[in-house]
1. Mind grabbing the base-10 log of I(q)/I(0) for segment 249-389 at q = 0.10, 0.14 Å⁻¹? Debye formula, identical points on the C-alpha positions, no solvent, two decimal places.
2. Please report the spacing between the Cα centers of segment 265-281 and segment 308-339 in Å, no decimals.
3. Of 323, 371, how do they rank once you tally other Cβ atoms within 10 Å and put the fewest first?
4. Between residue 64 and residue 109, what is the FRET efficiency for a Förster distance of 22 Å, r being their Cβ-Cβ separation, to the nearest 0.05?
5. For a Förster distance of 22 Å, can you work out the FRET efficiency between the beta-carbons of residue 236 and residue 120, rounded to the nearest 0.05?
6. Using r as the Cβ-Cβ distance of residue 378 and residue 344, and R0 as 35 Å, what FRET efficiency do you calculate, to the nearest 0.05?
7. Debye calculation, C-alpha points only, no solvent: report log10 I(q)/I(0) for segment 108-183 at q = 0.13, 0.20, 0.22, 0.25 Å⁻¹, in the same order as the q values.
8. Neighbouring Cβ atoms within 10 Å as the yardstick, rank 321, 116, 156 fewest first.
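Bear in mind these aren't lab numbers, they're just calculated from the coordinates by the rules spelled out. On a predicted model such as this, the values are computed, not experimentally measured, just so you know. Here Cβ is always computed from backbone atoms with ideal geometry, including for glycine, and neighbour counts include all displayed protein chains.
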C-alpha cells in the first residue's frame, strides 16, 4: 500500500508548490465573484516576517545565507524565483525543526507559480503532491515548515491569520476547518494541517470522555458524534480515501470473499448478512505472487448489523490472549461507510479523515485529546486511539 508519506525534503518542496491558492468551488474576482480572502499577515522584511511568526511559535537565529545548511534542498526556490525577493531560514526550537521564509510582494504571481508547479507534478503521476502541505502563507510572505508541529502551531490558533496553501484538488478538509479562496483559481487556503502520521491538526470540537463525566456508561456519550465521514458509493469512498491512505490503484468490486493468509478482513461471509451494501478490495490480490496490501472498502446499509457482527468477531479473536491477530483487520467506520485494514499506517491516515475504530474491549477508554464516542452496539465504542502494541 502507498500511504501518502512525504519526507521532510519532499514535503518542503511540495509545500513550496502550494503557497498561494484559491478554493476551486469559490468564484474568482475576475469572474465577478467576491474578492479572494487573503491572510492579513504582513512582513515587509524578513525580520518582520520573523516577528509575525514568533506570535505563534519560535523562529530563532534568522539567516539569509543562501548556503545555510538548515535549508535541506539545493533545489529550494530562492530570490528571483516565483516572485520571491528574499529568502531566509530560522529554527523553531519548540518543534525542533526549521522554517524557510520567503518575501513575496507579488503573492498572486507566487501562487500562480506554485499552482503551475503542482500541476506539473500531478501530471507526472505524483498524486501525493500537497496532500500533506506544510506551506504557510501570509499577505506578502510565505514559509515552509519542515515539521508538522510547526505548521499546526502557525495556523491552529483561532486568531491566526496564516493559512496552509494547497493546489491539489484531492486534498480533503474535514468539517470544522476553514477552506478559503486564494489568489489563483484551483488552489485554496486552510487552517487544516493534514499528516498521515496523526500529528496534524487536532479534531475540532469538545472531546469528552464519558467514563469520567456523569452517570453515562464508558464510551457512551449522550451528545452524539463529533462528525464522521460519509460517501454515497464505492466510487466516492475510493475517492475519499485513496489520495490519503489506501492505495486503490488496483481495486476489485466483488461480493466474493477475498482474503489471504496475511490479510484477514472483518466481514466474513456474505456481505449482505453484515449490513454491507457494496464491497470492494484494494491491493494486489496475488496469483503467482503472494497477495499484499489488501484493504476493504464497504458502503453500509445497516451500520448496527455491521457493528454487531464485528463485535462478535472481535471478542472471539480477543478471547485467547486478549489481542487481535496481527493479520486480522480492524473496522474503521463513518456514518454509512467502513474500511477494514490491518495496516496501522493506513489507520492513521483514516483517523485524519475522521473515521473511527470500533473497539469492543472490556473497560476500554481513551486518553484526553482522543475521540471516544458511542457505537451502535452496546459494549463497544468508536475511537481514534489504539493501545500501543
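1. Log10 I(q)/I(0), no solvent term: -0.31, -0.62.
2. Segment 265-281 and segment 308-339 have Cα centres spaced 13 Å from each other.
3. In order of increasing Cβ crowding within 10 Å: 323, 371.
4. Efficiency, from the Cβ-Cβ distance: 0.55.
5. 0.20
6. My answer for the efficiency is 0.80.
7. With one equal scatterer per Cα and no solvent, log10 I(q)/I(0) is -0.40, -0.96, -1.15, -1.40.
8. Fewest-to-most Cβ neighbours within 10 Å comes out as 321, 116, 156.
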